[in-house]
Every structure is written in C-alpha cells, then in structure tokens.
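The block underneath contains the structure these notes are about, expressed in structure tokens.
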C-alpha cells in the first residue's frame with residue numbers, strides 16, 4: 001500500500017526551514033530548562049513523598065496550600081489528579097521535607113495539616129491510615145446498640161468499609177450516608193466514636209533522597225549507553241558518518257521531548273524515561289530505513305549527486321514512513337487522551353517523540369550526510385591561488 005504515488009518532494013531544498021524549526025524548539029526547551037522550569041523531575045528522581053488525596057467536595061488549592069503552610073510544609077506542590085469530578089489531588093513534598101530514618105513522616109505531616117475538623121475523643125472514619133475494620137467492629141461491639149452477636153458486628157463493620165472504599169470512593173461526606181446499608185442504630189452508635197473529615201488518603205508513593213539520586217544517575221546512563229550502542233552499530237553496519245548523523249538526530253529528538261516537558265512543566269518520572277528510551281529505538285529504526293535506501297541507491301545511481309540520491313531515497317520511503325508513524329501516532333494519541341492520569345507523562349512523551357522522531361529522520365539525519373560530503377569535497381579540491389604579476393617578472397629575469 002502506498003500513501004503517495006511517485007512523490008518528488010525537494011526535502012533537501014527546504015533544509016534551512018527545517019534547521020530554523022529545530023533551532024526554535026531546541027532553544028526554547030533549553031531556555032526553559034535553564035531559566036524557567038528547569039528539568040521537572042518527578043518524585044522517582046527527586047526523592048520525597050506523593051500523597052493522593054480525595055476530597056468530599058471540590059478541593060480549594062489555595063486553602064490546601066494555606067493549611068500546609070501552617071503546618072510548616074512550605075515547599076509542597078499541589079496538582080489535580082484524574083477526573084475533576086472525582087475531587088482528587090496529589091500533594092508532593094521535596095526530599096528535604098522527609099528523612100531517611102522515617103520516610104512516612106512526610107505523609108503523616110500532610111494528613112495532620114489537612115485534618116482541620118478533628119473532634120476530641122473521636123476517630124476519623126475517612127482516614128484509612130488511622131482506622132480500619134477492627135476498630136469499627138470493636139467500637140460497635142463495645143456499645144452493643146443492636147444487642148447482636150459478634151458475628152453481626154463483624155458483618156456491619158465490613159459493610160462500613162465497603163461503603164466507604166467502594167461505594168463512595170474512599171470518602172464519606174457524612175455518617176448518614178451509611179443509612180440503608182447498615183441499621184440506623186448502628187449508624188448512631190458509630191457517631192459516638194467516629195466522625196468524617198472532608199478528605200481521605202487513597203495512597204502514597206515515598207522515595208528516599210539516596211534512592212532518587214541513584215535512579216536519576218541510572219536514567220542518564222541508560223539514555224547515554226543506548227545512544228553509544230547505536231552509534232557503534234551503525235558504524236559497523238554503514239559508515240561512521242551514518243552513525244553520527246543518526247545519533248545527532250536522536251539526541252535532537254530527546255532534547256526537544258525533554259524541552260517539551262520543561263515548557264509544559266510536566267514531571268519526568270521513570271515511565272517517561274521508559275518512553276524516551278522507546279523513542280530512541282523508534283527514531284533510530286526510522287532513520288535506518290532511510291539510510292538503507294540511500295545506500296542501495298548510491299550503488300544504482302552512480303552518476304547522480306548525493307543530494308539527488310538522498311532526496312530520491314526519502315521520497316521512496318515516504319509512504320512507509322507516514323503509514324507506520326501515522327498509525328503509531330494515532331495509537332499513542334488515544335493513549336494520551338483516554339489512558340488516564342497515570343499514563344499522561346508516558347503517553348505525552350510518545351506523542352511528542354514520534355512526531356519529532358519521524359521529522360528528524362527526514363530533516364536532520366539525511367541532510368547531515370549531504371553536508372558532510374560537501375565538506376569533504378571542499379577540503380579535497382585544491383585552491384586555485386593566482387600568481388602575482390611581480391612573481392612572473394622575477395621568474396623571467398632569472399631565466400635570462
């Protein structure tokens with residue numbers, strides 16, 4: 001199947017437009033990394049605590065930040081998470097807000113800061129870290145409002161947990177929400193020992209500073225070694241200049257992708273690194289397809305210039321490139337739009353990377369081959385330096 005029938009686009013004739021495009025996005029990303037957002041590393045590399053919080057009502061970011069400031073957590077970052085209708089946020093603490101001796105301390109600080117509606121002598125039914133099934137069962141059995149067997153209180157306690165965690169998504173706005181699921185007398189009994197705050201903790205990710213530093217170092221090494229390995233492979237498979245051109249193109253793709261994360265202030269996590277490594281292989285594969293066709297055409301089109309050969313090769317592989325990259329792009333775009341918050345970073349890197357990777361195979365790697373050949377030709381041709389007139393006269397006198 002061919003997307004184009006005998007295309008004849010002058011890609012190398014547009015190389016200065018391509019160069020301008022690449023410079024704009026590369027410089028914008030570098031400027032953002034240096035002067036604006038920096039490289040927004042996630043908790044995987046930075047170290048610290050991520051606490052996923054669900055609220056009973058729509059959360060107020062300013063109020064949450066104010067509560068955290070009062071608790072001494074001045075550098076916390078607050079970000080909406082998932083579907084806005086779920087009223088969920090992620091609260092992130094830097095590594096200096098945690099300690100190696102007690103990594104759960106950051107999580108406990110966030111819980112304490114958000115619990116602004118505590119009631120003396122009662123426990124928070126929404127806070128999953130402070131209360132569980134056993135506490136509910138024991139409280140019901142102690143008051144014995146139903147005068148029932150222990151097995152009945154056991155069943156009611158399980159139903160309370162089910163209503164909180166599965167039916168209401170982890171947060172009860174009021175104990176009255178339990179009515180109908182358990183006896184009213186049991187609800188009134190629970191009110192004697194429990195209350196409901198306006199939030200519930202859904203989970204937490206905790207990474208120590210040392211672990212984060214090691215992961216960051218390993219991520220850089222993974223990207224670096226992958227580029228070096230591909231350079232060596234292409235050196236033996238084609239020529240050194242092919243390997244250099246392909247690695248420069250892949251580095252260009254990686255730079256723009258990381259720059260896009262910096263410009264949009266999206267955090268780079270381990271899954272994003274996995275996406276970048278995937279893009280390194282994907283972009284390299286696309287570049288090798290073009291290079292392989294160039295090598296074949298060099299043997300067949302000996303009288304043509306390298307510029308014409310490269311243009312012809314790109315046009316011959318254009319249908320394959322668009323069909324393959326287009327289908328992959330639609331897949332990752334669907335993943336970005338419908339894959340959920342957890343996959344946002346991963347799919348965003350793939351969306352940007354596939355676009356830039358396909359572009360660089362045509363607009364960066366191939367023109368480098370032509371530029372290198374032109375440079376070698378200029379060095380090999382001797383310069384025609386005119387002989388001064390005086391030199392000619394002196395030479396004639398010497399013969400006389």
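Taking the condition more than 11 Å from the chain's Cα centre (by Cα), in contact (Cβ under 8 Å) with a residue 60 or more places away in the chain and within 27 Å of residue 89 (Cβ to Cβ), does residue 345 pass? Taking the combined requirement at face value, the residue does not satisfy it. Can you confirm whether the stretch 331-342 contains a residue that is at negative phi, touching a residue at least 40 places away in the same chain (Cβ under 8 Å), surrounded by 13 or more Cβ atoms within 10 Å (Cβ to Cβ) and in contact with a helix residue (DSSP H, G or I) (Cβ under 9 Å, 6 or more places away or on another chain)? Within the stretch 331-342, none of the residues are at negative phi, touching a residue at least 40 places away in the same chain (Cβ under 8 Å), surrounded by 13 or more Cβ atoms within 10 Å (Cβ to Cβ) and in contact with a helix residue (DSSP H, G or I) (Cβ under 9 Å, 6 or more places away or on another chain).
Looking at the structure I just gave you, is residue 21 within 30 Å of residue 338 (Cβ to Cβ) and in the same structural domain as residue 370 (by TED's automatic domain parsing)? Yes.
Quick check on my filter: what residues within the stretch 141-190 are under 30 Å from residue 53 (Cα atoms) and either in contact (Cβ under 8 Å) with a residue 40 or more places away in the chain or not assigned by TED's automatic domain parsing to the domain that holds residue 88 (or both)? Let's see the steps before the verdict.
Just the residues of the stretch 141-190 that are under 30 Å from residue 53 (Cα atoms), to begin with: 153-184, 186-190.
169, 170, 171, 172, 173, 175, 186, 188, 189, 190, listed by residue number.
For the stretch 25-38, the criterion of a residue being closer than 20 Å to residue 346 by Cα, in contact with a strand residue (DSSP E or B) (Cβ under 9 Å, 6 or more places away or on another chain) and surrounded by 11 or more Cβ atoms within 10 Å (Cβ to Cβ) is satisfied by no position.
Across the stretch 69-91, which residue is surrounded by the most Cβ atoms within 10 Å (Cβ to Cβ) among those that are in contact with a strand residue (DSSP E or B) (Cβ under 7 Å, 6 or more places away or on another chain), in contact (Cβ under 8 Å) with a residue 24 or more places away in the chain and under 16 Å from residue 110 (Cα atoms)? Selected residue: 91.
When you look at residue 96, is it at pLDDT below 85, in the same structural domain as residue 196 (by TED's automatic domain parsing) and either farther than 15 Å from residue 49 by Cα or within 28 Å of the chain's Cα centre (by Cα) (or both), yes or no? Judged against the criteria, residue 96 is a match. A count restricted to the stretch 292-335 and to residues that are more than 28 Å from residue 219 (Cβ to Cβ) and in a helix (DSSP H, G or I) stands at 29.
As for the stretch 352-367, it holds at least one residue that is farther than 18 Å from residue 288 by Cα, surrounded by 18 or more Cβ atoms within 10 Å (Cβ to Cβ) and modelled with pLDDT of 85 or more.
Here residue 265 clears all of (1) at pLDDT below 85; (2) at positive phi except the condition numbered (1).
The values are calculated or read from the model by the stated rules, or taken from the named source; none is laboratory data. As the structure is a computational prediction, the values presented were derived from the model and not from experiment. Reconstructed Cβ throughout: ideal geometry from the backbone, glycine too, with neighbour counts over all protein chains shown.
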